[in-house]
């Protein structure tokens, strides 16, 4: 009876550990600034990325629900292609702080999620970093 119980506990424990390990890799994001990403693109090829920066003025090109724009910080930029699965937030426009989730493909950040931040609400947060 004790052997069956121990085997059952080991099976359940190993199952839970493997579920936690494999699911966390798919849902975890590496948080970077646009300047950090643009410096070392080759280091982040297969990572889920969450990138912060400003939408560069004059860089937004909308094509239906999709959009292409440049994300900049500290005079360094990264090209973003937003695939349009969701609508872009109302606050999204040139010059606004945004956070973009996605993966790198051929030096372009392909994104499926963009969050725009109200400048007055988050201004202190960026100054303190």
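Annotations
- Just one of the numbered conditions (1) under 16 Å from residue 29 (Cβ atoms); (2) at pLDDT 90 or above is not true of residue 46: (2).
- Residue match in region 7-17 (condition: in contact with a strand residue (DSSP E or B) (Cβ under 8 Å, 6 or more places away or on another chain) and modelled with pLDDT of 85 or more): no
- Among (1) more than 15 Å from residue 113 (Cα to Cα); (2) not in a helix (DSSP H, G or I) - the single one residue 16 does not satisfy: (2)
- Across region 96-110, the qualifying residues are those that are touching a residue at least 60 places away in the same chain (Cβ under 8 Å) and in a strand (DSSP E or B), and the one among them that is nearest to residue 79 (Cα to Cα) is 109.
- None of 48, 83, 74, 43 is loosely packed, with under 15 Cβ neighbours inside 10 Å and in contact with a helix residue (DSSP H, G or I) (Cβ under 6 Å, 6 or more places away or on another chain) except 74.
- All positions within region 95-110 that are under 11 Å from the mean Cα position of the chain (by Cα) and under 15 Å from residue 41 (Cβ atoms): 100, 102, 103, 104, 109, 110
- Selection count where residues are assigned to a loop (DSSP other than H, G, I, E, B) and either under 13 Å from the mean Cα position of the chain (by Cα) or on the phi > 0 side of the Ramachandran plot (or both), scope region 61-94: 4
The values are calculated or read from the model by the stated rules, or taken from the named source; none is laboratory data. Quantities reported herein were computed from a predicted structural model and do not represent experimental measurements. No Cβ is skipped: glycine too gets one built from the backbone with ideal geometry, and neighbour counts run over all protein chains shown.
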